[in-house]
Amino acid sequence: MNDLLPIRYLAAAGLLDETGIAILGGVGVFLTILLLGRAFVLRDPMEARLKNHSKRRALLVAQALSTQNSGRARGKSVGLLRGILEKLKLLRGEEASKMTENLARAGWRSRDMLVIFLGARLLLPVVGAVAAWLASAALFPGLIPLHRMIIVAVGIAIGGYGPVLFLRNVVNRRQQKLKKQLPDALDLLVICAEAGLSLDSALTRVAREFGPTAPELADELGLTAIELGFLPNRRQALANLIKRADIPAIRGVVNTLIQTERYGTPLAHSLRVLAAEFRDERLMKAEEKAARLPAILTVPMIVFILPALFVVLIGPAIIQVIKTFS
């Protein structure tokens, strides 16, 4: 009866008539029947899971087909560039292998990425020289030839070392993201290992859970899980993770996993110890940043706060002195 008091007050105030009350009562009865029906209807969780798996499989097939089609189209566009690089023998040797590893650390693992990157390093110096020459001729028409050649040399240097610096910047940013995302992923990996999942299943689950929030780490862990299932040597799959993400934290995780595979150490215990170490390291870094904060704030305080403080404190006295002597 207490639930009907607001309706009675509205009706007494003239805000609701008999038709409005009947409509509200009908809506309430309908919602009650709907909720009771949903509570008593039995659902099959396996059917929903199978539907999700079929959708995921269809999505993966569509992504694979799109990747193949894009790879074919890109192969036609980079075929001429590949032929030039093969004639110059730039796709072989130790330098090309190091460049491939750096591209993999940046997240670019396509077969054509090495060709595109080396082609950019080959063509950008020419583009930089032409752009520097045209810019110097347009902006400084009265330059002597020696100064113009210096500007052209600067353009060649920027075009030659620009791709290398860009790749190094991308690798560093990706490694920083992996370093920040790893402790949380390791905690979830500990939970999966304690739940009884194998290493392959645990990595797959962590990669799926961290896909929306940490795509870089999810990509690496998912690829490692696939390699653990396909490569004959499981240690090689873990070593490939170090090559793709060469940071101390991931190196420690991989060494722990290799020792677990070799000596049969419980996976959950090893990962729990490693997670505790990473948590302590993160806390120490936070304390270090907090300790550096007073020294960092000294310069902004001197530059921005002290002048305003001096104006507030000394300004009235200066004005009074000026009035006195005037």
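Listed values, structure above:
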read-out	value
Segment 97-116, residues that are surrounded by 15 or more Cβ atoms within 10 Å (Cβ to Cβ) and either without any contact (Cβ under 8 Å) to a residue 24 or more places away in the chain or not assigned by TED's automatic domain parsing to the domain that holds residue 169 (or both)	99, 100, 108, 113, 114
Residue check for residue 159: more than 29 Å from residue 224 (Cβ to Cβ), touching a Pro at 6+ places or on another chain (Cβ under 8 Å) and either surrounded by 18 or more Cβ atoms within 10 Å (Cβ to Cβ) or modelled with pLDDT of 90 or more (or both)	yes
Output for segment 232-263, where each listed residue is farther than 21 Å from residue 107 by Cβ and not basic (Lys, Arg)	232, 233, 252, 255, 256, 257, 258, 259, 260, 261, 263
Some residue of segment 235-252 being farther than 21 Å from residue 193 by Cβ and outside any helix (DSSP H, G or I)	yes
So residue 203, is it under 24 Å from residue 171 (Cα atoms) and either of a type in the set (Lys, Arg) or within 18 Å of the chain's Cα centre (by Cα) (or both)	yes
Residue check for residue 229: outside the structural domain of residue 170 (by TED's automatic domain parsing), in contact (Cβ under 8 Å) with a residue 12 or more places away in the chain and exposed (fewer than 14 other Cβ atoms within 10 Å of the Cβ)	yes
Residue 214 crowded, with 20+ Cβ neighbours inside 10 Å, under 21 Å from residue 103 (Cα atoms) and under 15 Å from the mean Cα position of the chain (by Cα)	yes
Test: residue in segment 135-150 that is of a type in the set (Gly, Ala, Ser), part of a loop (DSSP other than H, G, I, E, B) and under 30 Å from residue 240 (Cβ atoms)	no
Residue within segment 133-141 that is in contact (Cβ under 8 Å) with a residue 12 or more places away in the chain, surrounded by 18 or more Cβ atoms within 10 Å (Cβ to Cβ) and either acidic (Asp, Glu) or touching a Lys or Arg at 6+ places or on another chain (Cβ under 7 Å) (or both) present	yes
Residue in segment 172-184 that is more than 30 Å from residue 281 (Cβ to Cβ) and not β-branched (Val, Ile, Thr) present	no
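The values are calculated or read from the model by the stated rules, or taken from the named source; none is laboratory data. Since we're looking at a predicted model, the values are computed, not measured. When we count neighbours, we look across all protein chains shown, and the Cβ atoms used for this are built from the backbone with ideal geometry, even at glycine.
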